[in-house]
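The values are calculated or read from the model by the stated rules, or taken from the named source; none is laboratory data. Since we're looking at a predicted model, the values are computed, not measured. Glycine gets a Cβ as well: all are built from the backbone with ideal geometry, and neighbour counts include every protein chain shown.
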Amino acid sequence: MSIIKTNDVKKWFGDFQALKGISMEVQEGEVLVICGPSGSGKSTFIRCINRLEQHQEGEIIVDGIELTNDLKNIEAIRSEVGMVFQSFNLFPHLTVMQNITLAPIWVRKKSRSESEEKAMELLTRVGIPEQASKFPGQLSGGQQQRVAIARALAMEPKIMLFDEPTSALDPEMIKEVLDAMKELALSGMTMIVVTHEMGFAKEVADRVMLFDEGLMVEENTPTEFFDNPQNDRTKLFLSQIL
Amino acid sequence: MNLEYKKSIAWMRENLFSSIPSSILTVATSFFVLGFFRGLFGFAMASDKDWLSVLNNMQLYMVQAYPEEDFIRVWISVGLALVFAGTSIGLWKSTEESSLSDVFSKFMKVSLAFLFFTVVAPTFSSVTDNDGIIQTEESFPMETRLQLLIPSAILVVVFFVLKNLKLNYKFNKSDLLCFYLAIPIVLLWIIKLPTIQLDSSNQRIIPDPLMPIADTTKIPWTIIFGLFLAFYFIGSRFKDSKNMKRTMSISWVLLPLFIFSWIFKKPEIDLPTILGQDIPIFIGIFLVGALTITFINNPIVEKYFSIYLGVLIAITGIALFISIPILLKSALLLLVLFTIVIPAVSSSAKGKRNLIIVWGVSLFTLSVLIRGGSSDTQIIVQQQSIFGGFSLTWLLAIFGTYVSFPLGVLLALGRNSKLPIVRLVCTGIIELTRSVPYITWLFFASVTMAVFLPEGVNFELVVRVLMVTAFFSGAYFAENIRGGLQSIPKGQYEAADAIGMSPFQKTSLIVMPQALRAIIPTLVSSAITAFKDSSLVTIIGLIDFLTIGKVIIGTQSIPVNFVGHDRENLLFIAFFYWIFTFTLSRRSMKVEKRLGLGER
């Protein structure tokens, strides 16, 4: 069953067309990796899925709800879709624990004790339970990104979106974040990951897509994508990045 | 000792004389600073200065024409504020300690500075006489100098010895603060100065050298200080209780409201009206709100909630235009506002209980204020305003800030709003208020505002000035807060969106806390500006702290002639203002430090 379905999605920033008609489907439990050169529209596309950006044409259906301007729909979808950003975007004035429990308490209306218990569980899962009472500014980049993953998971989302989660990290911290993501993928979470980490794509992804200039130019299983690329653009991209 | 000496030489070389330009700067600035203080000290000590003109007029400075038989209201207000202060100092008790020798070293430094300036103070000073000719006269003669020199030299020696005994008893810094505050209270009983009074025929002046200063106020001050200490100890008992701290913070917000109404009015209480009208209204409206909170999660209630809210709004709308007690009108209005926010905040059983308490307290506060506000007052003053002197300055500063700050937050949010009409209105208010000078607004309050008010509605001048001040500094606050809002990165909004927060939650939990913390220094300087700008009200005939010193005391001839002694009063006023603003800025620096801790 497809949990995300997009049909001919188009998006303009002023005169510049960022998305030139993307149609795709994601099945429940699938891990999809989107790669492509910068400016190819891949980030814009996943930001359209939880309406951080508005698409102007086409339709996006998430978990059976179509994304329109209806605020109720948008809030409903956003609480089902977790998102991890390139620049973490943790709330600097709140502790790690407060960062994670904020949404469960205020959006899901859960009790504080229940949310904190759940938050500790998630922090253990991403491997930093001892940092709960610190502020984000006191953590390393890798730790911050793992807190961001825990924060998104605290809402118990059905889908997780990752927008270049490792691009702002030092090389030695990338691994800890990727490990957390792998663990998540193995647990059966539906994930869309925009990344340049080809190792991650090979190992974890069910499907890999290449975006270029607002279009999806290739879509394939990882083995086929890396070993036997069909499109010339893919060949060029792979030769540059590998 | 030798090592310490070497260390301080090294420190000086490193920090004061590291290069030729820095040496020049050090010498030049210390020359100016010392020169300034030398002149100041010489001015304060000069023989022609009559500091009694300040001391004897303390009552005038503080409350001006407030009727003496109602002073108990002022004392209770001051006492309440100090009791709150004591509790707060206890609750947020410092964990730092300082040893006895640190205390003595502090005292030694103060007496050393006194000694130094006594030695270097100028003997002669220039005086402008009535014809505008500058003359030199001996203002600080040798015998006065010696009278000061000997005791201060003794003090320096005593404290130097005490300091070097290296007494290492540790004292908590908050305890020490209480001790320092006790010093002026004790001085009230000890220091004796001639107090000038009138005799029975209202003519002669009897200087009584045996009267302690502030003879009439020493007993109230002592009682208040005792209460301060008592509540300090109670507070420090509860210093781990988060609930107490929260209650205290809210009480601080409500305190000015209470003090204002308490000093402003002594309402003519009409018991039958209260029993027969106010209490039934309070109970009725309270029950409606409490029941709504209790059953909000019931599915049937949830289903018909919007209809219920609509009916409530309709009833309130009608109620505003028919003639019923004003208390009922405002209670209904509060009920509507409360009912709108109930679904957003109440969830768990504990949350509901807290919400009912909040509801009860706010309704009660409203009822008391409305009853007090709509009754006639028994305090009658023969002038424009019941507030005068420091009470007026205090009122304009604190109350102006308290009203204008929330207003500023709303205006800033409104100006950033996506709704065009809200944005237009807020931008209009801000730009209009800011583009007109404060003095013009004051004239507007005193002369023109009555024209704009509905028929039959009339406010006291002070209240009109407060309204204008609220908007004026509110507009400035709004622009400062907007600056803070712009410093929040876009990612914070996106992150809040991505976890499904509503716009209200996003603003109140994510954006506003960060924006406000980014602009604490600006907010404090706005508050300080409001405090000082309050002296402009003298222009429309209100008598503030500054006017008392400059105009009233400077022309006072009964019971004693203080004509021409306005300069010492100005110095005192400057010092008084300085104490308040300095304390404020120090507090805000501490707050900044505490909040900034996690961010760096």
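Within the stretch B:382-474, considering only helices (runs of 4 or more DSSP H) that don't extend past its boundaries, which have at least 1 residues that are touching a strand residue (DSSP E or B) at 6+ places or on another chain (Cβ under 6 Å)? Walk me through it before giving the result.
Working: elements: B:390-394, B:400-415, B:420-434, B:438-443, B:449-452.
Answer list for the stretch B:382-474: B:390-394.
Residue check: is B:Ile386 touching a residue at least 60 places away in the same chain (Cβ under 8 Å), in contact with a Pro (Cβ under 6 Å, 6 or more places away or on another chain) and crowded, with 16+ Cβ neighbours inside 10 Å?
Working: touching a residue at least 60 places away in the same chain (Cβ under 8 Å): yes; in contact with a Pro (Cβ under 6 Å, 6 or more places away or on another chain): no; crowded, with 16+ Cβ neighbours inside 10 Å: yes.
Against the criterion (touching a residue at least 60 places away in the same chain (Cβ under 8 Å), in contact with a Pro (Cβ under 6 Å, 6 or more places away or on another chain) and crowded, with 16+ Cβ neighbours inside 10 Å), B:Ile386 does not qualify.
Suppose the filter is assigned to a helix (DSSP H, G or I), under 21 Å from B:Glu268 (Cβ atoms) and of a type in the set (A, V, I, L, M); does B:Leu332 pass it? If you could, list the steps in order and put the result at the bottom.
Working: assigned to a helix (DSSP H, G or I): yes; under 21 Å from B:Glu268 (Cβ atoms): no; of a type in the set (A, V, I, L, M): yes.
No: the conditions fail for B:Leu332.
Provide a single number: the residues in the stretch B:263-281 that are among the hydrophobic types (A, V, I, L, M, F, W, C) and not in a helix (DSSP H, G or I). Break it down stepwise before answering.
Filtering the stretch B:263-281 down to residues among the hydrophobic types (A, V, I, L, M, F, W, C) leaves B:263-264, B:269, B:271, B:274-275, B:279, B:281.
Pick out the ones that are also not in a helix (DSSP H, G or I) and you get B:269.
Residues flagged as among the hydrophobic types (A, V, I, L, M, F, W, C) and not in a helix (DSSP H, G or I) within the stretch B:263-281 amount to 1.
Step by step: first the residues of the stretch B:475-507, then only those that are surrounded by 19 or more Cβ atoms within 10 Å (Cβ to Cβ) and in a loop (DSSP other than H, G, I, E, B), then the one that is farthest from the other protein chains (Cβ to nearest Cβ). Which residue is that?
B:Met501
Just name the residue that is nearest to the other protein chains (Cβ to nearest Cβ) out of those in the stretch A:156-180 that are crowded, with 20+ Cβ neighbours inside 10 Å and farther than 16 Å from A:Glu197 by Cα.
For the stretch A:156-180, the residue satisfying everything is A:Pro157.
For A:Pro171, indicate whether it is over 17 Å from A:Ile46 (Cα atoms) and modelled with pLDDT under 90.
Yes, satisfied.
From A:Glu218, A:Glu213, A:Glu164, A:Glu197, which residue is closer than 22 Å to A:Ile4 by Cβ, touching a residue at least 12 places away in the same chain (Cβ under 8 Å) and over 16 Å from the mean Cα position of the chain (by Cα)? Don't jump to the end; show me each part of the working.
Numbers: A:Glu213 fails: closer than 22 Å to A:Ile4 by Cβ; A:Glu164 fails: over 16 Å from the mean Cα position of the chain (by Cα); A:Glu197 fails: over 16 Å from the mean Cα position of the chain (by Cα).
Exactly one residue qualifies, and that residue is A:Glu218.
Of the conditions (1) in contact with a strand residue (DSSP E or B) (Cβ under 9 Å, 6 or more places away or on another chain); (2) within 13 Å of chain B (Cβ to nearest Cβ); (3) assigned to a helix (DSSP H, G or I); (4) closer than 27 Å to A:Gly64 by Cα, A:Ala150 satisfies every one except a single condition; which number is it?
A:Ala150 satisfies every listed condition except (1).
Which one is surrounded by the most Cβ atoms within 10 Å (Cβ to Cβ), of the residues in the stretch A:181-194 that are in contact (Cβ under 8 Å) with a residue 24 or more places away in the chain and farther than 15 Å from A:Gly36 by Cβ?
A:Met181
Do you know which of the residues in the stretch B:508-540 that are of a type in the set (S, T, N, Q) and closer than 22 Å to B:Ile439 by Cα is farthest from the other protein chains (Cβ to nearest Cβ)?
So the first thing to find is which residues in the stretch B:508-540 are of a type in the set (S, T, N, Q), and the list is B:508, B:514, B:522, B:525-526, B:529, B:534-535, B:538.
Those still in the list that are closer than 22 Å to B:Ile439 by Cα too: B:525-526, B:529, B:534-535, B:538.
Numbers: B:Ser525: 22, B:Ser526: 21, B:Thr529: 26, B:Ser534: 33, B:Ser535: 37, B:Thr538: 42 Å.
Of everything passing the filter in the stretch B:508-540, B:Thr538 is farthest from the other protein chains (Cβ to nearest Cβ).
Residues being crowded, with 23+ Cβ neighbours inside 10 Å and within 20 Å of the chain's Cα centre (by Cα): count how many of those fall in the stretch B:402-419.
The initial filter retains those residues of the stretch B:402-419 that are crowded, with 23+ Cβ neighbours inside 10 Å, namely B:404, B:408, B:411-412.
Adding the requirement that they be within 20 Å of the chain's Cα centre (by Cα) leaves B:404, B:408.
Count: 2.
Kindly provide the set of residues from the stretch B:117-162 that are outside any loop (DSSP other than H, G, I, E, B) and either aromatic (Phe, Trp, Tyr) or in contact with a Cys (Cβ under 6 Å, 6 or more places away or on another chain) (or both), ordered by number.
Pass one, the stretch B:117-162, residues outside any loop (DSSP other than H, G, I, E, B): B:117-120, B:124-128, B:134-138, B:142-162.
The answer is B:Phe117, B:Phe124, B:Phe159, B:Phe160.
Working carefully through the options A:Ile46, A:Ile60, A:Ile100, A:Ile65, find the one that is under 30 Å from A:Glu219 (Cα atoms), modelled with pLDDT of 90 or more and over 15 Å from the mean Cα position of the chain (by Cα). Lay out the reasoning, then the answer.
On the way: A:Ile46 fails: over 15 Å from the mean Cα position of the chain (by Cα); A:Ile100 fails: under 30 Å from A:Glu219 (Cα atoms); A:Ile65 fails: modelled with pLDDT of 90 or more.
Exactly one of A:Ile46, A:Ile60, A:Ile100, A:Ile65 is under 30 Å from A:Glu219 (Cα atoms), modelled with pLDDT of 90 or more and over 15 Å from the mean Cα position of the chain (by Cα), namely A:Ile60.
Looking at the stretch A:179-191, can you tell me whether even one residue there is over 13 Å from the mean Cα position of the chain (by Cα) and of a type in the set (Ser, Thr, Tyr)?
yes
Tell me which of these B:Gly289 doesn't satisfy, since it passes every other one: (1) within 26 Å of B:Ala349 (Cα to Cα); (2) loosely packed, with under 12 Cβ neighbours inside 10 Å.
(2)
Name every residue in the stretch A:126-147 that is assigned to a helix (DSSP H, G or I), within 11 Å of chain B (Cβ to nearest Cβ) and buried (at least 18 other Cβ atoms within 10 Å of the Cβ), in order of residue number. Reasoning before the result, please.
Taking the stretch A:126-147 as the starting set, the residues that turn out to be assigned to a helix (DSSP H, G or I) are A:129-131, A:136-138, A:141-147.
Filter again for within 11 Å of chain B (Cβ to nearest Cβ), leaving A:136-138.
Matches in the stretch A:126-147: A:Pro136 only.
Mind listing whichever residues of the stretch B:559-571 are touching a Ser or Thr at 6+ places or on another chain (Cβ under 9 Å) and part of a helix (DSSP H, G or I)?
Across the stretch B:559-571, the qualifying residues are B:Asp566, B:Glu568, B:Asn569.
Condition check ((1) modelled with pLDDT under 85; (2) within 14 Å of another protein chain (Cβ to nearest Cβ)) across all residues:
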position	(1), (2)
B:Ile340	yes, no
B:Ser391	no, no
B:Ser404	no, no
B:Lys418	yes, yes
B:Arg423	no, no
B:Phe443	no, no
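Looking at the stretch B:50-70 only, could you name the residues that are assigned to a helix (DSSP H, G or I), among the aromatic types (Phe, Trp, Tyr) and surrounded by fewer than 16 Cβ atoms within 10 Å (Cβ to Cβ)?
none
Looking at B:Pro521 and the list (1) under 13 Å from B:Ile481 (Cα atoms); (2) buried (at least 19 other Cβ atoms within 10 Å of the Cβ), which single condition is not satisfied?
All conditions pass for B:Pro521, except number (2).
Looking only at residues that are of a type in the set (D, E, K, R) and part of a helix (DSSP H, G or I) in the stretch A:22-76, which one is nearest to the other protein chains (Cβ to nearest Cβ)?
Here is the first cut: in the stretch A:22-76, the ones of a type in the set (D, E, K, R) are A:25, A:28, A:30, A:42, A:47, A:51, A:53, A:57, A:59, A:63, A:66, A:70, A:72, A:75.
Filter again for part of a helix (DSSP H, G or I), leaving A:42, A:47, A:72, A:75.
On the way: A:Lys42: 17, A:Arg47: 8, A:Lys72: 10, A:Glu75: 5 Å.
Across the stretch A:22-76, the extreme among qualifying residues is A:Glu75.
With respect to the numbered conditions (1) in contact with a helix residue (DSSP H, G or I) (Cβ under 8 Å, 6 or more places away or on another chain); (2) within 13 Å of chain B (Cβ to nearest Cβ), which one is the sole condition not fulfilled by A:Glu203?
For A:Glu203, the exception is condition (2).
Among the residues of the stretch B:264-285, are any out of contact with any Gly (no Cβ under 9 Å at 6 or more places or on another chain), among the aromatic types (Phe, Trp, Tyr) and either closer than 30 Å to B:Ser391 by Cα or surrounded by fewer than 14 Cβ atoms within 10 Å (Cβ to Cβ) (or both)?
No; the residues of the stretch B:264-285 include none that is out of contact with any Gly (no Cβ under 9 Å at 6 or more places or on another chain), among the aromatic types (Phe, Trp, Tyr) and either closer than 30 Å to B:Ser391 by Cα or surrounded by fewer than 14 Cβ atoms within 10 Å (Cβ to Cβ) (or both).
For residues in the stretch A:29-40 being more than 15 Å from the chain's Cα centre (by Cα) and surrounded by fewer than 16 Cβ atoms within 10 Å (Cβ to Cβ), which is nearest to A:Lys235 (Cα to Cα)?
A:Ser38
From A:Val194, A:Val217, A:Val208, A:Val204, grab the single residue that is under 24 Å from A:Ser79 (Cβ atoms) and of a type outside the set (Asp, Glu). Please lay out each step first, then the result.
Working: A:Val217 fails: under 24 Å from A:Ser79 (Cβ atoms); A:Val208 fails: under 24 Å from A:Ser79 (Cβ atoms); A:Val204 fails: under 24 Å from A:Ser79 (Cβ atoms).
Being under 24 Å from A:Ser79 (Cβ atoms) and of a type outside the set (Asp, Glu) holds for just one of A:Val194, A:Val217, A:Val208, A:Val204, which is A:Val194.
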